[in-house]
Structures are given as structure tokens and as C-alpha cells.
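Taking it in order: structure first as C-alpha cells, then the write-up.
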């Protein structure tokens, strides 16, 4: 074992909290962006669409991203490729920390290896991946107009 598994699990727990919290904020921002695309003005139909369709438990993060990808208006935006790349990275990292197991024998405190037993994929959680996640999170929140989330989260 490359590191103390107890220390590795504590660090992973902290990382999980940050990733899951950030991904939740991104999903909310994406849902709101979709709502305002279909219903630019707030009215009863917009509220029903947002709460009964976009935020339905059967309309998860992947479906929201997929819907965003299918809308021609978004595809024409200059930011579209970077937005999709960021959203998919956030989704991938979120899914890994939520569902994958720690590969304790291959992990160290600075490189936590998570393993998906269903398809034998691995992901290395290190400072580079965390930085990439944070950059993607910040990019999406800025572009979707949720700058206050960034200020609240990253200001001292």
C-alpha cells in the first residue's frame, strides 16, 4: 500500500464533498439555462416546466446535458465546444466520486485511484484533475450567469 488508507479515505471524503456540491450547483445552473431558453419570461408554464420536467428525478444530469447538446441555438454559440467539454468533465468526475471504489493498493494521498468495477475503468484523482474540475465549474457558472456561486465558494 502506497499510503495510509485511512488518510486516503479522509481526503477522498473531502474531495467528494467538493465535487458533489459543485456538480449539484452546475446541474441547477444548467437546468435554469434550459428553462430560460424554452421560457425566457417567468410565468406559470415556466415554473411547471422547471419543477416538473427539468427537475424531475428521471431527468438527470446526463439528460440535461444531452438536451443542451441538441439545441441548435447553443450549438451556434462560440463557447459551445468548451461548454460541452466542461459539462462532460464535471459529469465524469461527479460519477466517479459518487459511484466508484477506491483502489487502495494503487492509491496514495496525492493520487487517489478510483475504479469502476462495472466496466474496469480507472480515474486518478490528483491536484491536476481537481484543478481541471474547478476550472470547468467556474467556466460553466460564469457563462450561465451564476457568478455569485463562484464568489460565495472561492472568496476568502
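The values are calculated or read from the model by the stated rules, or taken from the named source; none is laboratory data. Since the structure is predicted, the reported quantities are computational estimates derived from the model, not experimental observations. We place every Cβ from the backbone using ideal geometry, glycine too, and count neighbours over all the protein chains shown.
A few points about this structure:
- Output for the stretch 111-122, where each listed residue is in contact with a helix residue (DSSP H, G or I) (Cβ under 8 Å, 6 or more places away or on another chain) and at pLDDT 90 or above: 112, 114
- Selection from the stretch 118-132 of residues that are over 18 Å from residue 13 (Cα atoms) and surrounded by fewer than 10 Cβ atoms within 10 Å (Cβ to Cβ): 118, 119, 120
- Qualifying residue in the stretch 65-72 (condition: under 14 Å from the mean Cα position of the chain (by Cα) and surrounded by 14 or more Cβ atoms within 10 Å (Cβ to Cβ)): yes
- Within the stretch 95-129, the residues that satisfy the criterion of being assigned to a loop (DSSP other than H, G, I, E, B) and in contact (Cβ under 8 Å) with a residue 12 or more places away in the chain are 100, 103, 104, 105, 106, 107, 109, 110, 117, 126.
- Which listed residue, of 89, 77, 30, is at pLDDT 90 or above and exposed (fewer than 14 other Cβ atoms within 10 Å of the Cβ): 77
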